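The structure under discussion appears below in the form of structure tokens.
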Amino acid sequence: MADVRVRVPAKINLSLRVGPLRPDGFHELSTIFQAVSLVDDITVSSAPSGSGRTIAVTGDQMESVPRDDGNLAARAAIAVARAAGIDSADVRIDIAKSIPVAGGMAGGSADAAATLIACRRLWNADLDDDALHALAADLGSDVPFALVGGTARGTGRGERLVPVLTTGEWHWVVALSHGELATPAVFAECDRLRAAGDIRSAPGDDTDLLLALRSASAHDLAPCLVNDLQPAALSLQPSLRRVLDAGDELGALAGIVSGSGPTCVFLARDREHAIGLAAEFAGSGLVRGVRHAVGPVRGAHLLP
Ligand code: C5P
């Protein structure tokens, strides 16, 4: 079969509530994901027998993306081959990156989700969506959401998903911060701050956020955005405070660190507001790049 192309979105967490550390090393989460219009395009093609995985990357921060089987996309190809009874996962994976690397927008997880879809098609693998979802959950906590996209509540590690009703579209300004933050380090810092009593770990609920998502009112959504990992990300990278403050000064309705950071996302009233805000942010010199993103968008899907 010819090349298979798949487009996959980034995610933001409108709410990210971190519960206790579990015996398996993960934290119990309650999160509301939204897929947004920053995408990676993945092309998977057959490679000569015995050649293993070859990964080529183009785009933003391409030099930071692993080219070996440490890349989650390679592990996704291996997982599909194993589940489908295919002897060797010999594939070339081309990744055209727009999702920030190690930025808290699940770019690596997105590439893995796209590769699952692409390899299923490439090999005509007899795997239904539930089987693919199970492979996704084994690969990483954010991989299942990249498959489904839209807006969804995630529990467990983040892999147990239920769709969330939203109306209208939401406009985000995505500020690409300098540096990278490793997700495990940010969770560990969150534990440390909690153990030291520096931050509270009171459980919250997302009732108001869910109502705001139905109402299509950005003003109602703004006060509901929450990220329990934000104090930890700020502790590891204090300069993010200036980015969040700048969003406030420039008139964003709200701003939060995206997931484990260091990317920050800001809610705008509408498209025009987002475009204006993005331009002002770009001129501030505080960040290495700015994007306007719209959500929700669909999850990983085949391109013609
Ligand atoms: O699932 P994933 O491989 O993306 O997780 C990366 C790391 O983030 C985990 O090894 C863990 O340190 C942390 N994590 C966590 N609790 C979660 C999800 C991720 O502690 N629910």
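The values are calculated or read from the model by the stated rules, or taken from the named source; none is laboratory data. All of these numbers come straight from a predicted model, not from anything done at the bench. Cβ placement follows ideal geometry from the backbone for every residue including glycine, while neighbour counts extend to all protein chains displayed. Protein only, heavy atoms only, side chains kept; ligands, DNA and RNA dropped before computing areas. Shrake-Rupley method; radii C 1.70, N 1.55, O 1.52, S 1.80 Å.
Some observations on this one:
- 18 Å reach of a label modelled at Ala56, 7 Å along Cα-to-Cβ, counting backbone N of region 76-90: 90
- Accessible surface, region 170-295, averaged per residue in Å² (probe 1.4 Å): 44 Å²
- Radius 9 Å from Cβ of Ile42, net charge of other residues (Lys, Arg +1; Asp, Glu -1): -2
- Amide proton proximity set for Val297, modelled H, under 5 Å, gap of 5+: Ala35, Val36, Gly150
- Accessible area of region 170-295 belonging to carbon and sulfur atoms, whole % at 1.4 Å probe: 51 percent
- Placing unit charges on the Cβ atoms only, positive for Lys and Arg and negative for Asp and Glu, gives the chain a dipole magnitude near 80 debye about its Cα centre.
- Residue with peak Gaussian network fluctuation, the chain [Cα springs, cutoff 10 Å], from Ala279, Ala146, Ala96: Ala279
- Accessible area (Å², per residue) of region 4-164, counting only protein heavy atoms and a probe of 1.4 Å: 37 Å²
- Residue-level accessible surface for Leu303, protein heavy atoms, 1.4 Å, Å²: 40 Å²
- For Gly19, the residues 5 or more places off, or on other chains, whose built amide H falls under 5 Å of its own are Glu28, Leu29, Ser30.
- The apolar share of the surface of region 4-164, taken as the fraction of accessible area on carbon and sulfur atoms (1.4 Å probe, ligands and nucleic acids excluded), comes to 50 percent.
- Residue order for Thr167, Thr31, Thr43 - accessible surface, 1.4 angstrom probe, largest first: Thr167, Thr43, Thr31
- Two-site label geometry, Glu169 and Ser284: point separation in nm, points 7 Å out along Cα→Cβ: 2.4 nm
- Sparse packing (at most 10 other Cβ atoms within 10 Å of the Cβ) combined with a DSSP loop state is found for none of the trypsin sites (Lys or Arg not before Pro) in region 157-195.
- With contributions of -39500 (n - 2.57) from each DSSP H run of at least four residues, the per-residue ellipticity at 222 nm computed over the chain stands at -10000 deg cm²/dmol.
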